[in-house]
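As structure tokens, the structure follows; a few thoughts come after it.
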Amino acid sequence: SLQDQFDNLEKHTQWGIDVLEKYIKFVKERTEIELSYAKQLRNLSKKYQPKKNSKEEEEYRYTSTRAFLATLNEMNDYAGQHEVISENMTSLITAELTRYVQELKQERKSHFHDGRKAQQHIETCWKQLEASKRRFERDCKEADRAQQYFEKMDADINVTKADVEKARQQAQLRHQMAEDSKAEYSSTLQKFNSEQHEHYYTHIPNIFQKIQEMEERRIVRIGESMKTFAEVDRQVIPIIGKCLDEITKAAESVDHKNDSQMVIEAFKSGFEPPGDVDFEDFTQPMKRTVSESSLSNSRGDGKSEPKFGSKSKGKLWPFIKKNKLMSLLTSPHQPPPPPPASASPSAVPNGPQSPKQQKEPLSHRFNEFMTSKPKIHCFRSLKRGGAGPEDFSNLPPEQRRKKLQQKVDELNRDIQKEMDSRDALTKMKDVYIKNPQMGDAASVDHRLAELGQNIEKLRLEVQKFEGWLAEVEGRLPARSEQPRRQSGVYEAQNPSGVNSCAQDRESPDGSYTEEQSQETEMKVPATDFDDEFDDEEPLPTIGTCKALYTFEGQNEGTISVAEGELLYVIEEDKGDGWTRIRRNEDEEGYVPTSYVEVYLDKNAK
């Protein structure tokens, strides 16, 4: 029936609207994904960006890290294009379709309202026709009954003439009513047939046509939206392609040779490799020949007594591990002071014999050097002492030269700024002299004097640093020359460049355990070791000890103890007559082994 068709169309058009709303929801979720993806990309790029004024920022001078930085920047632009996709899909699809769905619902409601109205109208016409038909039928029956009654009365001789006349008039009335009902029924029937024709051939087809057009527009609109969905993506492809091209370009700019050269320039020390170790003839034990380049070389001041801490050994330090270097710098090898004269050697149960002063075999010293534990306090003292000496003498020669050159350039820039300021004030003073109403010329004299003093101070600073720079450049070998040993020359030119590490090399009794050249060449940048040693755990205790005598630890690396005091042992005597002890977390150092009685913990590692 027609009503069934309306029901089917109503269900189908509602399904079409549901499909449209489902597509809108799909696009909306896609835009949220694009925004989330863009946000994650930006956060990722930000996470790996170098922090300002940090060590990471210095690392981005290499071509590989610069290429990585360019990749991070391009990822930001890449994320921006996904934000563009989200914005365009929201404005061109989601917003437009949402508005269209509202319009579609209103139009659909109007069409089905018209259809229901037309259906109700034809049903009303049908009811009117049925009523007219029943009335005509009833009047006809009444007219037949009245006619039959009249005929019966007329044939009956017992009925008066008046009763017959009354029955005849009643029959005529009923007949007239039947004729009127017939005319009305005929008119109603014609009207209904006309309305029905109009309903089925005009109104309903028009409503169905409008519903069909509405549905077709919906289908076209969702197809256009799908096309826009693809176009929005396609529009950003060229820009995304440019981002990828820039990443490729940055990757192609990576220059391994250049990066390697930068590393060489950054870490080049200027030290010469150690020379050959001479043969030591032990067949003549009293006359062992030692060459200048030997690891057991004596001081450059002409003393014949050989020591392990020679300048040649000092030149080994760029090629050994840090912990070995630390042990070398801090292990005391000189004999401690003897106990008070009132004490006999037997009073000290664990007191060692005074270490012999004769020369030990090279193999024994080198083995001790390789097996000793690292001592951390040397480099910690460097850090406590500040940023290092003003002349950067704690750095290797090549690094020192670079630092000094940077300082000279920086001072020259400061001088230029001050001179520019002075020139500007001079011009201002000239203007004031020519035009007194603009200002007092004497008001700038004080500032001009200050600038002159600043420039003079900066020039003195430049001369000082240029002197150090000339000293370093005179000491460094020529770039084109073959490497040659010049430790003697280096020592002669820098007799006073001793940093805090050199002080740690002084034994507790005041005598140096290494030559001056050792201390001079052992200048290590604190920044190279701070990170490694600052967080190192303190040495564990291996026992306890009791001070037998009072010891005044006045030298670097020692600690004062009072007679009878109980302390912790953290490093036992290694044959040099010194034991390392700790009072608390902040106080530790060396004391003569003969001054304490040690109780080692057997379970200690």
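The values are calculated or read from the model by the stated rules, or taken from the named source; none is laboratory data. From a predicted model like this one, the values you see are computed outputs, not experimental measurements. Backbone-built Cβ (ideal geometry, glycine too); neighbour counts: all protein chains shown. In case anyone asks, the SASA skips ligands and DNA or RNA and just uses the protein heavy atoms, side chains included. Shrake-Rupley method; radii C 1.70, N 1.55, O 1.52, S 1.80 Å.
Residues with beta-carbon under 9 Å from that of THR541, excluding THR541: net charge, scoring Lys, Arg +1 and Asp, Glu -1?
Residues close to THR541 contribute a combined charge of 0.
Which FRET efficiency, nearest 0.05, do PHE267 and ASP423 yield, Cβ-Cβ r, R0 51 Å?
0.75
Could you pull out the pairs from LYS22/LYS109; LYS249/LYS403; LYS52/LYS427; LYS28/LYS242; LYS22/LYS210; LYS25/LYS47 whose alpha carbons sit more than 31 Å apart here?
Table pairs above 31 Å Cα-Cα are LYS249/LYS403; LYS52/LYS427; LYS25/LYS47.
Volume per residue, Å³, of the convex hull around the alpha-carbon atoms of the range 5-262?
Output value, Cα hull per residue: 135 Å³.
Given the Cα-Cα distance of GLU216 and GLU165 and 0.36 nm per residue of separation, how much length would full extension add, in nm?
Taking GLU216 through GLU165 to full extension adds about 10.9 nm, to one decimal.
What spacing in nm lies between the two simple spin-label points modelled at LEU92 and LYS257, each 7 Å away from Cα in the Cβ direction?
4.8
Applying a 10 Å radius around every beta-carbon, put 443-455, 27-39, 81-93 in order of their mean neighbour count, most first.
Ranked from most to least packed, the peptides come out as 81-93, 27-39, 443-455.
Can you tell me the Rg and the Dmax, both Å, for the Cα atoms in the range 1-142?
In order Rg, Dmax, the Cα atoms of the range 1-142 give 33.0, 119 Å.
Add +1 for every Lys or Arg and -1 for every Asp or Glu among the other residues with Cβ under 10 Å from the Cβ of ILE207, and state the total.
+2
Whole Å is fine, so just give me how far the alpha carbon centre of the range 409-425 lies from that of the range 213-247.
60
LYS191 to LYS109: FRET efficiency via 1/(1 + (r/R0)^6), r the Cβ-Cβ distance, R0 35 Å, to the nearest 0.05?
That pair, LYS191 with LYS109, gives E of 0.70.
First compute the accessible area of the range 392-474 with a 1.4 Å probe, then give the percent of it belonging to carbon and sulfur atoms.
Looking at the range 392-474 in its full context, I get 51 percent from C and S.
Can you tell me the relative contact order of the range 135-210? Whole percent, Cα pairs under 8 Å, sequence separation 6 or more.
Relative CO of the range 135-210 lands at 37 percent.
So how far, in whole Å, is the C-alpha centre of the range 47-97 from the one of the range 172-187?
Taking the Cα centre of each part, the range 47-97 and the range 172-187 sit 93 Å apart.
Residues with beta-carbon under 11 Å from that of ARG66, excluding ARG66: net charge, scoring Lys, Arg +1 and Asp, Glu -1?
That works out to -2.
Report the equivalent ellipsoid semi-axes for the range 392-474 in whole Å, largest first, defined as the square roots of five times the eigenvalues of the gyration tensor built from alpha carbon atoms.
Rounded to whole Å, the semi-axes are 39, 9, 8.
How far apart, in nm, are the 7 Å Cα→Cβ label points at LYS55 and PHE208?
8.4
Rounded, prolate or oblate: which one fits the range 543-600, using the alpha carbon gyration tensor with axes a ≥ b ≥ c (rounded when a/c is under 1.5, else prolate when a/b beats b/c, else oblate)?
Rounded, because the longest to shortest axis ratio a/c is under 1.5.
Exactly which chymotrypsin sites (Phe, Trp or Tyr not before Pro) in the range 88-129 are in a DSSP loop and have at most 10 other Cβ atoms within 10 Å?
none
If I stretch the segment between THR544 and ARG116 completely, what's the gain in nm (0.36 nm per residue apart, minus their alpha carbon distance), one decimal?
143.4 nm
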